[in-house]
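Q: What follows is a single structure, and I will ask about it in a moment.
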Protein chains: 2
Amino acid sequence: MISLTVGLLLSTSAEADPKLPPWAGFSVVDMSHSFAADTIYWPTEEGFKLRVGFEGITEGGYYYASNYYSAADHGGTHLDAPKHFAEGKQAADEVPLERLMGPACVVDVSEQALADPDYRLSEADVDAWENQHGRIPSGCILLLNTGYARYWPDREKYMGTNLLGADGVANLRFPGLSRESAVVLAARGVGAVGIDTPSIDYGRSHDFVVHRYLYERNIPGFENVANLHSLPPKGAYVIALPMKIADGSGAPLRIIGLVPQS
Amino acid sequence: MISLTVGLLLSTSAEADPKLPPWAGFSVVDMSHSFAADTIYWPTEEGFKLRVGFEGITEGGYYYASNYYSAADHGGTHLDAPKHFAEGKQAADEVPLERLMGPACVVDVSEQALADPDYRLSEADVDAWENQHGRIPSGCILLLNTGYARYWPDREKYMGTNLLGADGVANLRFPGLSRESAVVLAARGVGAVGIDTPSIDYGRSHDFVVHRYLYERNIPGFENVANLHSLPPKGAYVIALPMKIADGSGAPLRIIGLVPQS
């Protein structure tokens, strides 16, 4: 009887109790900022707009509300599809779901980045994480916690400037990845890279080398991610589901973390 | 030793092997249609628009692509937030994630609905499902498979008409739920209701009683859902992550099914 029980448990380890969902034992963390009038976009963009279509009592006597939305595809919490910086690579609707779901590896550089807005994730930071938590597994979602989500939606603190247009772009200051760290992460086979700033390249970048290196390899980016501080360095999982925009260079992203309960 | 092993397995049933994600043993099914020029919207709406912002080689010598998107918030695969038909109820950003993730109960009425575009889910249909599969559990995502997803994106077959504007609305023909079935589902405590047609009320509805009954109870709807035929009646799970639109009456929805592997 004992061995039979063990066998049953082993064969159904992912669904031990059919009444429990696969995420039983995990807390669900919302890692998306809302899309609203104050949602942060690149200084060259106008931002997110929601226009009321109808709101009130209809001729039929019942309440009804509907809206129209419009925006640039790279503001707020969003997916960068590889084709954003790599011609012919995957569009937003083509990024495989398998790549958007995986174990979370959270690298916390908030101490350095909050002290230096030009901070970029280094190879040494990746080494330090691996020395403590083991090798970054293939397929993991690498999330860089710079601490900057605490400034959202204060543009000046979050991205270095309130200015719009070219003046705004010239004054961007926020942390990101270094090209060297991107090379290591791609070599590890990460599924995607996420960050809690407007861009995986740091604010002062002019050549966007991190975007170009990763997207050429069909490794997408998640930008303006929220609540990274709620995830442990290792042990959580991420499910990141973008709006399925055909041919999209990017898309709004609803991203959640599954955090093991103690 | 045996009893210790059993204890360990029990205590970590949801994460038997720390290298396996919670969805190990499940296949991931994409249940969203793409947003594109041919995405189906209500006849009164213009549809989804993607406008190229830039596509090509920049002054910096690297490739870059970005877009602008705009649409009504109730076309394509989308969330109906309760506030769509119930004043003061939850907006798109307020629907709790817990309500958007749950076991899938798939009721297949495709035989009846493909023969009769005015077909509405009946109490008897719900009874028949429960007689075969057990009581609909609280928190489940009730998905109605009418078979109409096979017609997407052919508007005439999918919703009964190619016409736009008021003429289109007058000629809508597609299946939905009945008010009586909605009352039973609400009593069961379903988390949400999804369907593979443009509306949870059938096409000829003028009073939208299903919307009004469910949304007043903060039970949201998923409309234009794809691939319901890929889910078993019971045993799969749904994760439905809408674009997080503050104050939204609805939002684009990326919805996936987790289907147990044999």
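Each value in this text was obtained by applying a stated rule to the coordinates, not by laboratory testing. As the structure is a prediction and not an experimental result, all values here were calculated from the model. Every residue, glycine as well, gets a Cβ built from its backbone with ideal geometry; the counts of neighbours run over all protein chains shown.
Q: When you scan the range A:184-262 for strands (runs of 3 or more DSSP E) that lie fully inside it, which ones turn up with 1 or more residues that are in contact with a strand residue (DSSP E or B) (Cβ under 7 Å, 6 or more places away or on another chain) and over 21 Å from A:Ala124 (Cα atoms)?
A: On the way: elements: A:192-195, A:221-223, A:237-242, A:250-260.
Answer list for the range A:184-262: A:221-223, A:237-242, A:250-260.
Q: Scan the range A:189-212 and report the pairs whose first residue is within 20 Å of A:Thr44 (Cα to Cα) and whose second residue is among the basic types (Lys, Arg) and part of a loop (DSSP other than H, G, I, E, B), with Cβ atoms within less than 7 Å and a gap of 6+ or a chain change.
A: Once the first residue is within 20 Å of A:Thr44 (Cα to Cα) and sits in the range A:189-212, its partners that are among the basic types (Lys, Arg) and part of a loop (DSSP other than H, G, I, E, B) give A:Gly203/A:Arg173; A:Arg204/A:Arg173.
Q: Take the range B:188-203 and flag every residue that is more than 14 Å from chain A (Cβ to nearest Cβ) and farther than 20 Å from B:Pro233 by Cβ.
A: B:Tyr202, B:Gly203
Q: Within the range B:76-115, which residues are acidic (Asp, Glu) and either under 23 Å from B:Ser181 (Cβ atoms) or free of Cβ contacts under 8 Å to residues at least 40 places away in the same chain (or both)? Don't jump to the end; show me each part of the working.
A: From the range B:76-115, those acidic (Asp, Glu) are B:80, B:87, B:93-94, B:98, B:108, B:111; that's our starting set.
Matches in the range B:76-115: B:Asp80, B:Glu87, B:Glu94, B:Asp108, B:Glu111.
Q: Going through the range B:226-254 one residue at a time, which ones are among the hydroxyl-bearing types (Ser, Thr, Tyr) and at the interface with chain A (Cβ under 7 Å from one of its Cβ atoms)?
A: Residues of the range B:226-254 that are among the hydroxyl-bearing types (Ser, Thr, Tyr), as a first pass: B:230, B:237, B:249.
Those that are among the hydroxyl-bearing types (Ser, Thr, Tyr) and at the interface with chain A (Cβ under 7 Å from one of its Cβ atoms): B:Tyr237, B:Ser249.
Q: What's the total number of residues in the range B:55-94 that are at positive phi and touching a Pro at 6+ places or on another chain (Cβ under 7 Å)?
A: Total satisfying the criteria: 1.
Q: Going by what's in this entry, would A:Asp118 be described as under 30 Å from A:Ala37 (Cβ atoms) and touching a residue at least 40 places away in the same chain (Cβ under 8 Å)? Outline the logic, then answer.
A: Numbers: under 30 Å from A:Ala37 (Cβ atoms): yes; touching a residue at least 40 places away in the same chain (Cβ under 8 Å): yes.
Against the criterion (under 30 Å from A:Ala37 (Cβ atoms) and touching a residue at least 40 places away in the same chain (Cβ under 8 Å)), A:Asp118 qualifies.
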